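Novice: What follows is a structure written as structure tokens; I'll ask about it next.
The values are calculated or read from the model by the stated rules, or taken from the named source; none is laboratory data. These figures come from a predicted structure and were not determined experimentally. Cβ placement follows ideal geometry from the backbone for every residue including glycine, while neighbour counts extend to all protein chains displayed. Each accessible area value is taken on the protein alone, full model and side chains, heavy atoms only, with ligands, DNA and RNA left out. Shrake-Rupley method; radii C 1.70, N 1.55, O 1.52, S 1.80 Å.
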Amino acid sequence: MLIETLIAVTLVAALVAFITPETYAPQVAFVLSLLPLAGGLWLWNGFDGSGNALLGGNVAFESQFQWIALEPYAINWHVGLDGVSLPLLLLTTVLVPLAILSAWTPIEERISQFYGLILFLEAGLIGVFTALDFFVWFVFWETVLIPMYLLIGVWGGPRRKYAAIKFFVYSQVGSLVMFLGFIALLFGLGDSVSSFGMAEITQALHAGELGGLGALGPETLALLSFVAIFFGFAVKVPIFPVHTWLPDAHVEAPTPVSVLLAGVLLKMGTYALLRFNFTMLYDVAISLAVPIAIFGVVSVIYGALLALAQQDLKRIVAYSSISSMGYVILGLVAFTVYGIGGATFQMVAHGLISGLMFMAVGVIYNATHTRMVGDISGIADRMPITVGIFVAAAFGYMGLPLMAGFAAEFMIFLGAFQSTVLPGAPIFTAVAMFGIVIVAGYLLFAMQRTLFGPFRLDTDYEVTSAPIHDVVPLFVLIGLIIVLGVDPDVFFTMIQDAVDPVVELGGGA
């Protein structure tokens, strides 16, 4: 019952934050957020899982009992962890306290409600990464939308309502299409399954139990379901061309919300793609390897080019997230240990690096009250610590060796290049690698103009060193990025153990 306790503690923490007087809400929320972090570290320390949760592996901290006795598909409360989900759970519990700490400066209204929603969001995210029953998982998946919509719509910038509604509509459409695709798949399995259990459904699909549905034969049903499910998760990732909600959401969201949006919420999509599309329906994924790889590579190049054209620092980081998620897609479709394992490692690495980039931009904005590249120049002398960490984070984004981004991208490129299920794998890999050149271009251009040279600021604010509560999260994140870059096996060993069975499905190596 450890996972249930973790979720319950987080929900209680959210309730306490809601009712805490605003004078003490920031400090109380930060202390409360350390409880899920402690729980996540406890789970990590005691993790004894092996294999993949959907493919008959030994699931750690597993808990299962019947929730709703429906016919013909029972709904069971079923949660647990394997080497894919545990790193993402830890990423969530690490980023939330740091995001709360970074909110102390910019959040000045409805403070208690803000921190309560952040913790409520965390509870939903923990559920997404631990649920092993589709119905339970879908409840958590949809629950996450509510606090994120409010966090953008209430505390966001001038166009916050537009951005919040756009985020919600895109997410809901994607979820609806995904849900219909999965339910069609479930109906096609008929009496072969008796519940919404992900492992049971996966085993039935792999055993060839999928029948037709109406006029659709098994192969057509599998293909259409795969496309519908892929579309739903592609919106969440997001990848080209269903990415347009992301820049608006990031620009209008307050910095702590952008940290969680880029750091964790986008990983919901890639995590679900791995679980559903590339594990449950691996044979369809292999048959569609080329178009999936095209979507991934186009997202890499297109996102990087869009970032190159931006003048808003937040938009630059937002579009770079689209580019980074394209690497994940390429790694997943490779069906190799380093491809899928590197893609999973990239989810964690990008979560830390993008979170750090957004935090650093937020600290600069707190001091200058502008994010436009043309409005700022030469602030390195006045904010040396913030600027130094920003530069380090940017080099991490560019794949500097001994940082987490380099380890993740190197594994993805190696795995993609060696793929035997992706025709033209070396070409796709080479084109994707060119994205790194574009990344270097837009980040170096932005840093040169805003951080260095003679000081200039087109706002009437005095630029001084950032307060300690703004700087501490930056140090923590850069430290974690370096630790994972120096020793990727902190996570990669458990990741490899969980993705090996998936790779074997595709005949990869």
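Novice: Exactly one condition in (1) closer than 15 Å to D283 by Cβ; (2) open to solvent by 20 Å² or more (accessible area, probe 1.4 Å); (3) in a helix (DSSP H, G or I) is not met by A204; state its number.
Specialist: (2)
Novice: Take P36 and tell me if it is out of contact with any Phe, Trp or Tyr (no Cβ under 8 Å at 6 or more places or on another chain), of a type outside the set (F, W, Y), buried (at least 17 other Cβ atoms within 10 Å of the Cβ) and assigned to a helix (DSSP H, G or I). Steps first, answer last, please.
Specialist: On the way: out of contact with any Phe, Trp or Tyr (no Cβ under 8 Å at 6 or more places or on another chain): yes; of a type outside the set (F, W, Y): yes; buried (at least 17 other Cβ atoms within 10 Å of the Cβ): yes; assigned to a helix (DSSP H, G or I): yes.
Here the answer is yes, as P36 does meet what is asked.
Novice: Considering only residues that are modelled with pLDDT of 80 or more and not β-branched (V, I, T), look in segment 458-469 and name the one that is surrounded by the most Cβ atoms within 10 Å (Cβ to Cβ).
Specialist: Kept after step one, since they are modelled with pLDDT of 80 or more, are these residues of segment 458-469: 467-469.
Subset that is not β-branched (V, I, T): 467, 469.
Values: P467: 13, H469: 16.
Here the answer is H469.
Novice: State whether the residues of segment 365-373 include one that is within 16 Å of the chain's Cα centre (by Cα), buried (at least 20 other Cβ atoms within 10 Å of the Cβ) and either touching a residue at least 24 places away in the same chain (Cβ under 8 Å) or under 28 Å from P97 (Cβ atoms) (or both). First the steps, then the outcome.
Specialist: If we filter segment 365-373 for residues that are within 16 Å of the chain's Cα centre (by Cα), which is where we start, we get none.
Within segment 365-373, not a single residue is within 16 Å of the chain's Cα centre (by Cα), buried (at least 20 other Cβ atoms within 10 Å of the Cβ) and either touching a residue at least 24 places away in the same chain (Cβ under 8 Å) or under 28 Å from P97 (Cβ atoms) (or both).
Novice: Quick check on my filter: what residues within segment 336-352 are of a type in the set (S, T, Y), open to solvent by less than 10 Å² (accessible area, probe 1.4 Å) and under 13 Å from A407 (Cα atoms)? Don't jump to the end; show me each part of the working.
Specialist: At the first step, the residues of segment 336-352 found to be of a type in the set (S, T, Y) are 336, 338, 344.
So of that shortlist, the ones also open to solvent by less than 10 Å² (accessible area, probe 1.4 Å) come out as 336, 344.
The answer is T344, and nothing else.
Novice: Does L86 satisfy being part of a helix (DSSP H, G or I), touching a helix residue (DSSP H, G or I) at 6+ places or on another chain (Cβ under 8 Å) and either closer than 25 Å to T255 by Cβ or of a type in the set (S, T, N, Q) (or both)? Show your work before the answer.
Specialist: On the way: part of a helix (DSSP H, G or I): yes; touching a helix residue (DSSP H, G or I) at 6+ places or on another chain (Cβ under 8 Å): yes; either closer than 25 Å to T255 by Cβ or of a type in the set (S, T, N, Q) (or both): no.
Here the answer is no, as L86 does not meet what is asked.
Novice: From the list A349, A393, A318, A304, exactly one residue is of a type in the set (A, V, I, L, M) and either free of Cβ contacts under 8 Å to residues at least 24 places away in the same chain or in contact with a strand residue (DSSP E or B) (Cβ under 9 Å, 6 or more places away or on another chain) (or both). Which is it?
Specialist: Working: A349 fails: either free of Cβ contacts under 8 Å to residues at least 24 places away in the same chain or in contact with a strand residue (DSSP E or B) (Cβ under 9 Å, 6 or more places away or on another chain) (or both); A393 fails: either free of Cβ contacts under 8 Å to residues at least 24 places away in the same chain or in contact with a strand residue (DSSP E or B) (Cβ under 9 Å, 6 or more places away or on another chain) (or both); A304 fails: either free of Cβ contacts under 8 Å to residues at least 24 places away in the same chain or in contact with a strand residue (DSSP E or B) (Cβ under 9 Å, 6 or more places away or on another chain) (or both).
Of the residues listed, the single one that is of a type in the set (A, V, I, L, M) and either free of Cβ contacts under 8 Å to residues at least 24 places away in the same chain or in contact with a strand residue (DSSP E or B) (Cβ under 9 Å, 6 or more places away or on another chain) (or both) is A318.
Novice: Report the residue count in segment 92-116 for those that are in a helix (DSSP H, G or I) and either among the aliphatic types (A, V, I, L, M) or open to solvent by 20 Å² or more (accessible area, probe 1.4 Å) (or both). Steps first, answer last, please.
Specialist: Keep residues of segment 92-116 that are in a helix (DSSP H, G or I), which gives 92-102, 111-116.
Filter again for either among the aliphatic types (A, V, I, L, M) or open to solvent by 20 Å² or more (accessible area, probe 1.4 Å) (or both), leaving 94-96, 98-101, 111, 113.
Total meeting the criteria: 9.
Novice: Working only within segment 117-142, note down all residues that are open to solvent by 10 Å² or more (accessible area, probe 1.4 Å) and either of a type in the set (V, I, T) or not in a helix (DSSP H, G or I) (or both).
Specialist: First, pick out the residues of segment 117-142 that are open to solvent by 10 Å² or more (accessible area, probe 1.4 Å): 117, 120, 135, 138-140, 142.
Scanning segment 117-142 gives a single hit, V139.
Novice: Within segment 337-423, which helices (runs of 4 or more DSSP H) (wholly inside it) include 1 or more residues that are of a type in the set (D, E)? Step through it out loud before you land on a result.
Specialist: Numbers: elements: 337-368, 384-397, 404-417.
The helices (runs of 4 or more DSSP H) meeting that bar are 404-417.
Novice: Still on this structure, please answer the following. Any idea which residue in segment 69-85 is farthest from V337 (Cα to Cα), counting only those that are in contact with a Ser or Thr (Cβ under 7 Å, 6 or more places away or on another chain) and buried (at least 24 other Cβ atoms within 10 Å of the Cβ)?
Specialist: V79
Novice: What is the number of the single condition among (1) modelled with pLDDT under 95; (2) under 18 Å from the mean Cα position of the chain (by Cα); (3) more than 19 Å from A14 (Cα to Cα); (4) surrounded by fewer than 22 Cβ atoms within 10 Å (Cβ to Cβ) that L145 does not meet?
Specialist: Of the numbered conditions (1) modelled with pLDDT under 95; (2) under 18 Å from the mean Cα position of the chain (by Cα); (3) more than 19 Å from A14 (Cα to Cα); (4) surrounded by fewer than 22 Cβ atoms within 10 Å (Cβ to Cβ), the odd one out for L145 is (3).
Novice: Also: Quick one: which residue in V177, V235, V242, V227 is surrounded by fewer than 23 Cβ atoms within 10 Å (Cβ to Cβ), in contact with a helix residue (DSSP H, G or I) (Cβ under 9 Å, 6 or more places away or on another chain), of a type in the set (V, I, T) and in a loop (DSSP other than H, G, I, E, B)?
Specialist: Values: V177 fails: in a loop (DSSP other than H, G, I, E, B); V235 fails: in a loop (DSSP other than H, G, I, E, B); V227 fails: in a loop (DSSP other than H, G, I, E, B).
Unique residue meeting the criteria: V242.
Novice: Can I ask one more? Kindly establish whether W44 is surrounded by fewer than 20 Cβ atoms within 10 Å (Cβ to Cβ), under 24 Å from the mean Cα position of the chain (by Cα) and at negative phi. Walk me through it before giving the result.
Specialist: Working: surrounded by fewer than 20 Cβ atoms within 10 Å (Cβ to Cβ): yes; under 24 Å from the mean Cα position of the chain (by Cα): yes; at negative phi: yes.
Yes; evaluated as a whole, the condition is true for this residue.
Novice: Restricting attention to segment 399-429, report how many residues are hydrophobic (A, V, I, L, M, F, W, C), within 25 Å of E504 (Cα to Cα) and surrounded by fewer than 22 Cβ atoms within 10 Å (Cβ to Cβ).
Specialist: Initially, segment 399-429 is screened for residues hydrophobic (A, V, I, L, M, F, W, C), giving 400, 402-404, 406-408, 410-414, 416-417, 421-422, 425, 427-428.
Retained after the next criterion (residues that are within 25 Å of E504 (Cα to Cα)): 407-408, 410-414, 416-417, 421-422, 425, 427-428.
From what is left, the residues that are surrounded by fewer than 22 Cβ atoms within 10 Å (Cβ to Cβ) are 410, 414, 417, 421, 427.
Looking only at that region, the number is 5.
Novice: Follow-up. Would you point out which residue out of V333, V391, V387, V361 is open to solvent by 10 Å² or more (accessible area, probe 1.4 Å), β-branched (V, I, T) and over 17 Å from the mean Cα position of the chain (by Cα)?
Specialist: On the way: V333 fails: open to solvent by 10 Å² or more (accessible area, probe 1.4 Å); V387 fails: open to solvent by 10 Å² or more (accessible area, probe 1.4 Å); V361 fails: open to solvent by 10 Å² or more (accessible area, probe 1.4 Å).
Among V333, V391, V387, V361, only V391 is open to solvent by 10 Å² or more (accessible area, probe 1.4 Å), β-branched (V, I, T) and over 17 Å from the mean Cα position of the chain (by Cα).
Residue-by-condition table, conditions (1) of a type in the set (D, E, K, R); (2) part of a helix (DSSP H, G or I); (3) modelled with pLDDT of 95 or more; (4) within 19 Å of F335 (Cβ to Cβ):
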| residue | (1), (2), (3), (4) |
| --- | --- |
| D283 | yes, yes, no, yes |
| I292 | no, yes, yes, yes |
| G303 | no, yes, no, no |
| A307 | no, yes, no, no |
| A318 | no, yes, no, no |
| S321 | no, yes, no, no |
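Novice: If you check L89, L55, which single one turns out to be buried (at least 17 other Cβ atoms within 10 Å of the Cβ), at pLDDT 95 or above and within 28 Å of A204 (Cβ to Cβ)? Quick ask: steps written out before the conclusion?
Specialist: Values: L55 fails: at pLDDT 95 or above.
Selected residue: L89, the only one of L89, L55 that is buried (at least 17 other Cβ atoms within 10 Å of the Cβ), at pLDDT 95 or above and within 28 Å of A204 (Cβ to Cβ).
Novice: I'm told I482 meets every condition in (1) open to solvent by 30 Å² or more (accessible area, probe 1.4 Å); (2) among the β-branched types (V, I, T); (3) farther than 17 Å from Y397 by Cβ except one. Can you identify the failing condition by its number?
Specialist: (3)
Novice: Identify the residue in segment 491-508 that is surrounded by fewer than 17 Cβ atoms within 10 Å (Cβ to Cβ) and either of a type in the set (G, A, S) or farther than 15 Å from L274 by Cβ (or both) and, among all such residues, is modelled with the highest pLDDT.
Specialist: T493
Novice: Closer than 30 Å to D375 by Cα, at pLDDT below 95 and not β-branched (V, I, T) - does that describe any residue in segment 325-339? Spell out how you get there, then give the answer.
Specialist: Initially, segment 325-339 is screened for residues closer than 30 Å to D375 by Cα, giving 325.
When the remaining residues are screened for being at pLDDT below 95, the result is 325.
Pick out the ones that are also not β-branched (V, I, T) and you get 325.
Yes, that holds for at least one residue.
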